[in-house]
Each structure stands twice: as C-alpha cells, then as structure tokens.
1. Just to confirm, what accessible area per residue do you get for the range 112-156 at 1.4 Å probe, in whole Å²?
2. Taking the Cα centre of each part, how many Å lie between the range 69-119 and the range 136-150?
3. So what J values fall out for the range 146-162 if you push phi through Karplus, 6.51 cos²θ - 1.76 cosθ + 1.60 with θ = phi - 60°, rounded to Hz, Gly and Pro as x?
4. Which whole-number percent is the relative contact order of the range 75-130 (Cα, under 8 Å, 6+ apart)?
5. Take the alpha carbon gyration tensor of the range 87-148, find the square roots of its eigenvalues, order them as a ≥ b ≥ c, and report rounded if a/c is under 1.5; if not, report prolate when a/b exceeds b/c, else oblate.
6. How large, in percent, is the carbon and sulfur part of the accessible surface of the range 60-177 at a probe radius of 1.4 Å?
7. Amide H to amide H, which residues 5 or more places from Tyr155 or on other chains are under 5 Å from it, using H placed in the peptide plane?
8. How much accessible area per residue does the range 61-103 have, counting only protein heavy atoms and a probe of 1.4 Å, in square angstrom?
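The values are calculated or read from the model by the stated rules, or taken from the named source; none is laboratory data. This structure is a prediction, so every number in the text was calculated from the model and none was measured. With ligands, DNA and RNA removed, areas are computed over all heavy atoms of the protein, side chains included. Shrake-Rupley method; radii C 1.70, N 1.55, O 1.52, S 1.80 Å.
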Amino acid sequence: MDVDLPIFVRPSRDDDVEPMLAIYRRHIRRGIEAGVEETGTPQPDDLKDRRKNLRNRRLPHLVATRGGEVVGYAYVVPFRKRPAYRFTVKHSIYVHHEHLGRGIGRLLMQALIDACAAAGFRQMIGYIDGENTASLALHERFGFVRVGLLPGVAYRYGKWSDSVMVQRSLGLGATGPVAAEAAVR
C-alpha cells in the first residue's frame, strides 16, 4: 500500500463490514492463547445491524480509507442505557496493524470528536489497555484525562492487564443548559 496516498474518513457502509471485522478480530485475538473461545465476536450481519442501529440513533460509525482500502474505523455507543446518561458516549478506535503510527488514529479521533460534538453529546469516555502507550498519548493530545484505573481486568500475553478509563468534554461539557430539542433525545 502506498503510504503517500491520502487518508479519507467517512461514514461506514455495509461493504466495509468485512475489512472492519478483520481489523477487529486481529486486535481482540492479540495476546490471547490458542484454544480460548471467541465468544461475542460479531458476525457480518451482526455488525450491519449494529451500524444501522447506531445510525438511527445519530451515533457516528466511521472508517478511514487509503487507496480505497479500509485501514481503520471508529464508533461510539451510549455510555449507559438509562436516560440520564444520554449525553455521554463511549468510543472505540481500531487501526489496521500494518498502518499503525501513520496518523490514522488521529484522523479518526478528530472526526469522531467533531461528529459527537455536532450531535450534541457532552462527554466522551474510552477504555484503553494500560500498556498501550501510543493510544494513551493520542488521547492525552486530544484532551482526554485519566479518570479511572481498572486493575487486572484482562488476561493477555500470559499476564493480567489494566484498563485505563479516559474522559473528555465535548461542546459545553458539564456546563451550560441543554437545548430543548436535545433534552428529549
């Protein structure tokens, strides 16, 4: 793949599902010993349904492409299902392992933040592997702060791993009133 080609970020489409799943499967299998069951891995139809549901709820689901190839994707889901949490989202970003360190995560993060702020969300939360220093640094560059540590919640590479919870405000954040039209979301 020619790294001189521009990277484009756009809403995901159904024909992006297979490359997104390939990226996802590689990320979740890294460091997990053979023989551990892969329960919960979405199938193509599951991901298509999830994307449709997210679009219907005005939640962004984006892909980054280079030369027509999906090289990363990002999305948000509601942080909690209860109405009081309707202005807070939890995000995920995945970049193809052969394209790490090339600015794709940065482009996806900016597009995701912009889309969430435009949709009226006020807080964005993420969970990051405690040893993923590149992702932690990316989040810090975008104004995320560490708000929690979940020690030893994952088992990978033959050892227990921590998850770091990060958060940043969007738009007016926790200040200012909520617009009447957003209050009924």
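1. Values: 2250 Å² over 45 residues.
That works out to 50 Å² for each residue.
2. Rounded to whole Å, the Cα centres lie 14 Å apart.
3. So the Karplus estimates, Gly and Pro as x, are 6, 10, x, 10, 10, x, x, 8, 10, 10, 9, 6, x, 8, 7, 10, 8 Hz.
4. For the range 75-130, the relative contact order is 40 percent.
5. Values: a/c = 2.14, a/b = 1.34, b/c = 1.59.
Since a/c reaches 1.5 but b/c is at least a/b, the shape of the range 87-148 is classed as oblate.
6. Values: 3160 of 5870 Å².
Taking all protein chains in place, the range 60-177 shows 54 percent carbon and sulfur surface.
7. Ser161
8. Result: 47 Å² of accessible area for each residue.
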